[in-house]
Amino acid sequence: VKGARLDLRGLAVLNYMRVIRAYAGALYLPPDVAPAQALADRPRILELHYFHAISAEDFRESTAEMIRRNTTAREFSEISRQVSAMNALYRGVRPGDRYRAEYDPARGTTLYLGGRALGTVEGAAFSRAFFSIWIGNNPIDRTFRDRLLGKR
C-alpha cells in the first residue's frame, strides 16, 4: 500500500452455521504490527473470496449491523456518513468473486471488486470500525478473526 510492505498475516475460511463455507479471507499487515495492533492507523488489506452469491443489500445490512456491534452509539453516529458511503459501493457477488478492502492512512479505505476500485471512504475511525467486522473485539466469527491475525 503506497510503498508500505505488507505481509500475509493469516488465512481463514468462514463457515456459516458451522457447515456452509461462506468465504475465505486473507489479511495483510506490515511485518512489525502485532495482532493486538491490527486496527491501528497503519496500512492493511483484507481480501475475501466468496463461495456463494451474496446480494449488495445483504452486504449493506450486515456491514451496518457489525459496525454497530463494534462501536458505541456515539462512535457509530460519528462515522454514519462513512458507513453510508461504503454501503453505496457494494455490488452483489457470485461464487468466485473477490472483494478487497485496502486501508491507506493517507487516503482511507478503498473497496475493490475483482481488482476494480469501486471507491474510497476516508477516515481512520471508519477504517478501524469497518475492519472490526472481521478482526475486532466483536467479529463476525472469533475463530475466523484469530486465524486472520495468525493466532491459530
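The values are calculated or read from the model by the stated rules, or taken from the named source; none is laboratory data. Predicted model, so just to flag it, every value in this text is computed and none were measured. Here Cβ is always computed from backbone atoms with ideal geometry, including for glycine, and neighbour counts include all displayed protein chains. Protein only, heavy atoms only, side chains kept; ligands, DNA and RNA dropped before computing areas. Shrake-Rupley method; radii C 1.70, N 1.55, O 1.52, S 1.80 Å.
Tabulated results
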| quantity | calculated |
| --- | --- |
| Any pair with Cβ under 7 angstrom, 6 or more apart, that starts in region 100-117 at a residue that is over 13 Å from Leu89 (Cα atoms) and ends at one that is open to solvent by 50 Å² or more (accessible area, probe 1.4 Å) | Asp104/Lys2; Pro105/Asp41; Pro105/Arg42; Ala106/Lys2; Arg107/Thr120; Gly108/Thr120; Gly108/Glu122; Gly114/Arg98 |
| Residues of region 96-140 that turn out to be assigned to a loop (DSSP other than H, G, I, E, B), hydrophobic (A, V, I, L, M, F, W, C) and touching a Leu at 6+ places or on another chain (Cβ under 9 Å), as a count | 1 |
| Any hit, region 134-146, residues being over 16 Å from Leu29 (Cα atoms), of a type in the set (Lys, Arg) and out of contact with any Asp or Glu (no Cβ under 9 Å at 6 or more places or on another chain) | yes |
| Candidates Tyr28, Tyr16, filtered to the one that is without any contact (Cβ under 8 Å) to a residue 24 or more places away in the chain and closer than 20 Å to Ala129 by Cβ | Tyr28 |
| Qualifying positions in region 23-82 - closer than 16 Å to Asp7 by Cβ, touching a helix residue (DSSP H, G or I) at 6+ places or on another chain (Cβ under 7 Å) and not basic (Lys, Arg) | Gly25, Leu27, Ala38, Leu46 |
| Region 85-113 - residue that is of a type in the set (A, V, I, L, M, F, W, C) and open to solvent by 30 Å² or more (accessible area, probe 1.4 Å) and, of those, modelled with the lowest pLDDT | Ala106 |
| Boolean, Phe131 is touching a Phe, Trp or Tyr at 6+ places or on another chain (Cβ under 8 Å), aromatic (Phe, Trp, Tyr) and more than 14 Å from Phe59 (Cβ to Cβ) | yes |
| Some residue of region 127-143 being touching a Pro at 6+ places or on another chain (Cβ under 8 Å) and open to solvent by 30 Å² or more (accessible area, probe 1.4 Å) | no |
| Residue ranges of strands (runs of 3 or more DSSP E) in region 1-84 with at least 1 members open to solvent by 80 Å² or more (accessible area, probe 1.4 Å) and not aliphatic (A, V, I, L, M) | 7-16, 20-29 |
| Residue match in region 118-125 (condition: hydroxyl-bearing (Ser, Thr, Tyr) and touching a Gly at 6+ places or on another chain (Cβ under 7 Å)) | yes |
